[in-house]
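**Q** Quick one: this structure, given as structure tokens, is what I'll be asking you about.
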Amino acid sequence: MLQAIREKAQGWIAWAIVILISIPFALFGIQQYLGVDANPAVATVNGTEITTQQLEQRVRDFRENLRRQLGSAFNGEMFSDKLLKPQVLQAMIDEALLRQAAEDWNMRISDRQVAAYIQSLPGLQSNGRFDMALYEATVRNRGLTKAGFEALVREEMLRTQQQQGIRGTVVVTEAQLADAVRLGDQRRQVELVRIPAAAFADRVEVSEKEARQYYEGHKSEYQVPERVKLAYIKLDVKDLADQVAVDEDKLRQYFDEHRGEFMAEQERRVRHILVGGDGQSDEEQRKLAEQILAELKAGADFAELAGKYSKDPGSAAAGGDLGWVNRGVMVKPFEEAVFAAKKGELVGPVKTEFGYHIIQVTDLRGGQEVDFDQVRDKVEAAYRRSQAEELYYDYLERLADLVYESPDSLVPAAEALGLKVRQTDWVTRTSPPPDLDSPKVLNAAFSDDVLGGGNNSDAIELSPTSAAVIRVVEHEEQTVEPFEQVKDKVVAAATREKASEKAREAGKALLRSLRQGKALADEVAGKGWKIEQKTLSRQDAQVPAEVARAAFDVAPPPGGEKAFTGVVTAEGDYVVVTVDKVIEGDLDTLSESERKKRKAALERGQADAEFRGLLEALRARADIEIDLK
């Protein structure tokens, strides 16, 4: 064969093919000679490498987890590679250090422990039992082998064992708990004087020069964020339903096949007497239930016996009445008994996790047969939707193929499927268009492939019955609004800043007077400043957070004297704080349950500190090199 190729490889076309084939091999050889690694290390921890691919995979996993957890609140700009990579890499370094420490300490997780843990995972079970086929499919969908997945599980179990071993050594004494409560529950009696910045606004002027200086120093406040306009095709089951052809024969056939869907679900009115609790054995409960049933069959009043015997606080006072119930609401044994009973029939004793029930169905409604003409409109709507759902998946597959085949336009796909190309208004990284309200759309719109490469996006699932494909048709980089366009805003902001500085100066003057021993009431008289007396806790919501923080940051002088401080609020006002009295928290005032809760929280805090201390010690002794570009 090679001889034949050599004999026929004549002319410039053949040589061009040979050259093109040779280039990758040549580059591969050069890479080897130059020592260039396609997967270089971004860090080494005591000689153990963390590679670029490992870091990128972890960043992708971390971002995807955030996307699932945050849903519509996910903002791709906040979780860019530039921001995430350093943080994720530090976490991977910590994991490597802990893994090495576990090896040094001869910690091990057996194969049996790994298997037992995997078999206990709810997501890998069917009908309450471990499902091997489901396990294999789940592992395969994650792009792993079973051995690879089990290695990850082993590592995670080892890390958990390691953490529990360290955290389990924490002991909180009664004295430590008392100190924590004394400081944490501390309250302070204060007097507050708010000096509003607005009171000085008419006393300040902002010149053109000052306004421009303010603008130059606060340009970030006048930024227009990066934005795009999108063209898109939206595929929705609701729209496809209108395209479904309908005839009477098909509708009647659909009705016959789905008759139960057009009948009102049967409901039953139920009353019961629940026997249970009071320290009785199961046998004693059953015998009492049988006795009650016998009395009812002998003619005793159901409501009277329910009030006397039933342990269900929600229904006993109402004669045992539970109201109307339908399937799927009650526990299974109770439900089965209710829907097997005839109207008026006494049933029982029926055992559930709550005890023994005596049950009576007092009325029935719903579940009657209907004919086609009564529900024709509903049948047509249901038929259209069922057919549209089948069309949807066919259209979705074709849409994905078509936009891939013509990556620079949506028009061919829209024409082939009879859909419209629509266009959005300006869209930023935090403001999805109303018709495409999904974080997935924003992630795609500002991605390297769609925004940078100018390509169509992949099909984006908006809901189980709708999807869209987008492309960017206009793009504007982040800009700063020109001074002339925002001049009025700038002047107003600069005025507030100057007025706030005046309020601050007045507050500082008041503080100096108070520290010289002058009375607060005398100093604020005639100035229109109100004195407020409050008792504050550390996280008190009745005052701005910065005011509460200032009240607890100041150390009151000994001997019962007053302490003074001041703080600028977010609104630009200045608040003078006088601390009159400190009231310490008292452990003896807490209930037993609250004491346990506080102790557990303190233990968690100390455990976290111990674990951080371990990591700091491991880092201090480790040889760590980072090469993150």
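**Q** Cα gyration tensor of the range 70-172, axes a ≥ b ≥ c as square roots of the eigenvalues: rounded (a/c below 1.5), prolate (a/b > b/c) or oblate?
**A** Oblate, because a/c is 1.5 or more while a/b does not exceed b/c.
**Q** Considering Cα pairs under 8 angstrom that are at least six residues apart, work out the relative contact order of the range 264-365 and quote it in whole percent.
**A** With pairs under 8 Å counted, the relative contact order is 42 percent.
**Q** Please report SER466, SER409, SER447 as a ranked list, fewest other C-beta atoms within 10 angstrom at the top and most at the bottom.
**A** SER409, SER447, SER466
**Q** Taking the alpha-carbon distance from LYS597 and a cut-off under 19 Å, which aspartates and glutamates remain once sequence neighbours fewer than 8 residues away in the same chain are dropped?
**A** Leaving aside aspartates and glutamates fewer than 8 places away in the same chain, those within reach of LYS597 are GLU174, ASP179, ASP185, ASP586, ASP588, ASP608.
**Q** While we're here: Write out the trypsin sites (Lys or Arg not before Pro) in the range 383-446 meeting two conditions: DSSP loop, and at most 15 other Cβ atoms within 10 Å of their Cβ.
**A** LYS420
**Q** Among THR535, ALA96, VAL361, whose Cα lies farthest out toward the positive end of the dipole of the chain, if unit charges sit on the beta carbon of Lys, Arg (+1) and Asp, Glu (-1)?
**A** Value: THR535.
**Q** Going by how many other Cβ atoms sit within 10 Å of their own, how do GLU625, GLU295 line up, fewest first?
**A** Going from sparsest to densest Cβ surroundings: GLU625, GLU295.
**Q** Taking 8 Å as the Cα distance limit and 6 or more residues as the minimum spacing, I'd like the relative contact order of the chain as a percentage.
**A** 25 percent
**Q** Dipole magnitude of the range 264-365 about its Cα centre, charges +1 at Lys/Arg Cβ and -1 at Asp/Glu Cβ only, in debye to the nearest 20?
**A** In total the dipole reaches around 280 debye.
**Q** Let me ask something else. How much length, in nm to one decimal, is gained on full extension between VAL480 and GLU532, taken as 0.36 nm per residue of separation minus their Cα-Cα distance?
**A** Fully extending the segment from VAL480 to GLU532 adds 14.5 nm.
**Q** May I ask you to order 573-586, 148-161 by the average number of other C-beta atoms within 10 Å around their residues, highest value first?
**A** 573-586, 148-161
**Q** Let me ask something additional. Which lysines, on any chain, are close to LYS527 with Cα under 27 Å apart, when same-chain ones fewer than 8 places away are left out?
**A** LYS527 reaches LYS498, LYS502, LYS508, LYS518, LYS562, LYS581.
**Q** Using θ = phi - 60° and the Karplus curve 6.51 cos²θ - 1.76 cosθ + 1.60, what whole-Hz ³J(HN,Hα) does each residue of the range 515-522 get, with Gly and Pro shown as x?
**A** So the J values, rounded to whole Hz, are 6, 8, x, 6, 7, 4, 4, 5.
**Q** Need the list of lysines near LYS250 for cross-linking: C-alpha distance under 20 angstrom, and skip anything on the same chain fewer than eight residues off.
**A** LYS238, LYS378
**Q** Quick one: 3J(HN,Hα) in Hz for the range 112-127, Karplus 6.51/-1.76/1.60 with θ = phi - 60°, rounded, Gly and Pro as x.
**A** Those phi angles translate into 5, 5, 4, 4, 5, 5, 4, 5, 8, 5, x, x, 10, 10, 10, 6 Hz.
**Q** Spelling out what I want: for every residue of the range 622-629, take phi, set θ = phi - 60°, compute 6.51 cos²θ - 1.76 cosθ + 1.60 (Karplus), and round to whole Hz; glycine and proline get x.
**A** Whole-Hz 3J(HN,Hα) from phi for the range 622-629: 8, 9, 10, 10, 10, 9, 9, 9.
**Q** For the pair LEU364/ARG604, report the inter-label distance in nm, with labels modelled 7 Å from Cα in the Cβ direction.
**A** Here the modelled spin labels are 5.3 nm apart.
**Q** Show the residues, 5+ positions off or on another chain, whose built amide H is closer than 5 Å to the amide H of ALA43.
**A** Amide H neighbours of ALA43: ILE50, ASP627.
**Q** Based on alpha-carbon centroids, what's the gap between the range 453-506 and the range 302-344 in Å, whole number please?
**A** Computed from Cα coordinates, the inter-centre distance equals 59 Å.
**Q** With volume of the Cα convex hull per residue in Å³ as the read-out, I listed [x] 386; [y] 188; [z] 146; which label goes with the value calculated from this structure?
**A** Looking at volume of the Cα convex hull per residue in Å³ for this model, the match is [x].
**Q** Also, quick follow-up: Say the cut-off is 27 Å between C-alpha atoms; which of LYS146/LYS440; LYS311/LYS342; LYS82/LYS229; LYS311/LYS343 go over it?
**A** Correct reply: LYS146/LYS440.
**Q** Long-range amide H contacts for ASP185: which residues qualify at under 5 Å (H placed 1.01 Å from N, peptide plane, sequence gap of 5 or more or a different chain)?
**A** Answer set, sorted by chain and number: GLY585.
**Q** Under 12 Å from the Cβ of ALA137, count the other residues' Cβ atoms, weight Lys and Arg +1, Asp and Glu -1, and hand me the total.
**A** +1
**Q** For a quick check: sort PHE611, PHE255 by the number of other beta carbons within 10 angstrom, fewest at the front.
**A** With the sparsest Cβ surroundings first, the list reads PHE611, PHE255.
**Q** On to the next question. Using only Cα atoms, locate the centre of the range 560-581 and the centre of the range 217-258, then give the distance between them in Å, rounded to an integer.
**A** Measuring centre to centre over Cα atoms gives 56 Å.
Readers should treat all values here as calculations from the given coordinates under stated rules, not as data from a laboratory. All values derive from a computational prediction rather than experimental measurement. Positions of Cβ are generated from backbone atoms using ideal geometry, with glycine treated the same way; all protein chains shown enter the neighbour counts.
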